[in-house]
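Heads up, the thing below is written out as structure tokens.
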Amino acid sequence: MENFFAHIVETALKKAKKAGEAGEIPVCAVVFDSRTKEIVSIAVNRTERDGDPTAHAEILALREACRVKGEPRLPDLDIYVTLEPCPMCAAAISFARIGRLYFGAYDVKGGGVEHGCRLYSQPTCTHKPEVYGGFGERESAVMLKEFFAGLRNK
């Protein structure tokens, strides 16, 4: 699993970087099956490209995974995201019944898992995935800081 997971993190970081170069906040989400070692879907943020505030990487990756699997719930799948999901994406992950959530950088301002509303700690949250943060944290954080610094310098 270690090499497979390292491959997922590396792939997500590369795709997030390309999204940043295209003017999107550099975030990538990968939905995968850790049992079969199969990547089911990969998506990056497309809010600018699509003109859609809900076109976050997690939402797009979940939609594609549901399409591929032909199911609205994905309890046997996991998701890796380069940034702690926002409340909207954390809710979508819960609604999809994802088994495990792994993420890279923590998001003190906009996160919805370890920060902000802490969705999965709320008694009204009906499905709480296992959560593991900090995978590829440094690389993700540096990429995000550089992206936002570039926007401020324009």
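Would you check which residues across segment 1-28 are among the aliphatic types (A, V, I, L, M) and under 21 Å from D107 (Cα atoms) and list them?
I8, V9, A12, L13, A16, A19, I25, V27, listed by residue number.
Given the criteria open to solvent by less than 50 Å² (accessible area, probe 1.4 Å), closer than 19 Å to V142 by Cβ, without any contact (Cβ under 8 Å) to a residue 60 or more places away in the chain and out of contact with any Leu (no Cβ under 7 Å at 6 or more places or on another chain), does A61 qualify?
So A61 fails the test.
Within segment 1-13, track down each residue that is open to solvent by 80 Å² or more (accessible area, probe 1.4 Å) and over 14 Å from the mean Cα position of the chain (by Cα).
Answer for segment 1-13, where residues must be open to solvent by 80 Å² or more (accessible area, probe 1.4 Å) and over 14 Å from the mean Cα position of the chain (by Cα): M1, E2, N3, H7.
For segment 113-131, indicate whether the set of residues that are free of Cβ contacts under 8 Å to residues at least 12 places away in the same chain, surrounded by 14 or more Cβ atoms within 10 Å (Cβ to Cβ) and farther than 21 Å from A22 by Cα is non-empty.
There is at least one residue in segment 113-131 that is free of Cβ contacts under 8 Å to residues at least 12 places away in the same chain, surrounded by 14 or more Cβ atoms within 10 Å (Cβ to Cβ) and farther than 21 Å from A22 by Cα.
Consider segment 14-51. How many of its residues are of a type outside the set (S, T, Y), open to solvent by 10 Å² or more (accessible area, probe 1.4 Å), part of a loop (DSSP other than H, G, I, E, B) and within 17 Å of L62 (Cβ to Cβ)?
2
Hey, can you tell me all the residues within segment 126-148 that are among the β-branched types (V, I, T) and either touching a Ser or Thr at 6+ places or on another chain (Cβ under 6 Å) or within 18 Å of L74 (Cα to Cα) (or both)?
T126, V131
Do we have L144 as surrounded by 16 or more Cβ atoms within 10 Å (Cβ to Cβ) and in contact with a helix residue (DSSP H, G or I) (Cβ under 7 Å, 6 or more places away or on another chain) here?
Criteria not met by L144.
Checking the structure you have, find out if any residue of segment 35-42 is touching a strand residue (DSSP E or B) at 6+ places or on another chain (Cβ under 8 Å), farther than 18 Å from L13 by Cβ and hydrophobic (A, V, I, L, M, F, W, C).
Scanning segment 35-42 turns up at least one residue that is touching a strand residue (DSSP E or B) at 6+ places or on another chain (Cβ under 8 Å), farther than 18 Å from L13 by Cβ and hydrophobic (A, V, I, L, M, F, W, C).
Is it true that some residue in segment 100-108 is surrounded by fewer than 16 Cβ atoms within 10 Å (Cβ to Cβ), modelled with pLDDT of 95 or more and not in a loop (DSSP other than H, G, I, E, B)?
Yes - at least one qualifying residue is present in segment 100-108.
The values are calculated or read from the model by the stated rules, or taken from the named source; none is laboratory data. It should be emphasised that the depicted structure is a prediction, and the values quoted were computed from it without experimental measurement. With ideal geometry, Cβ positions are generated from the backbone for all residues, glycine too; neighbour counts draw on all protein chains shown. Each accessible area value is taken on the protein alone, full model and side chains, heavy atoms only, with ligands, DNA and RNA left out. Shrake-Rupley method; radii C 1.70, N 1.55, O 1.52, S 1.80 Å.
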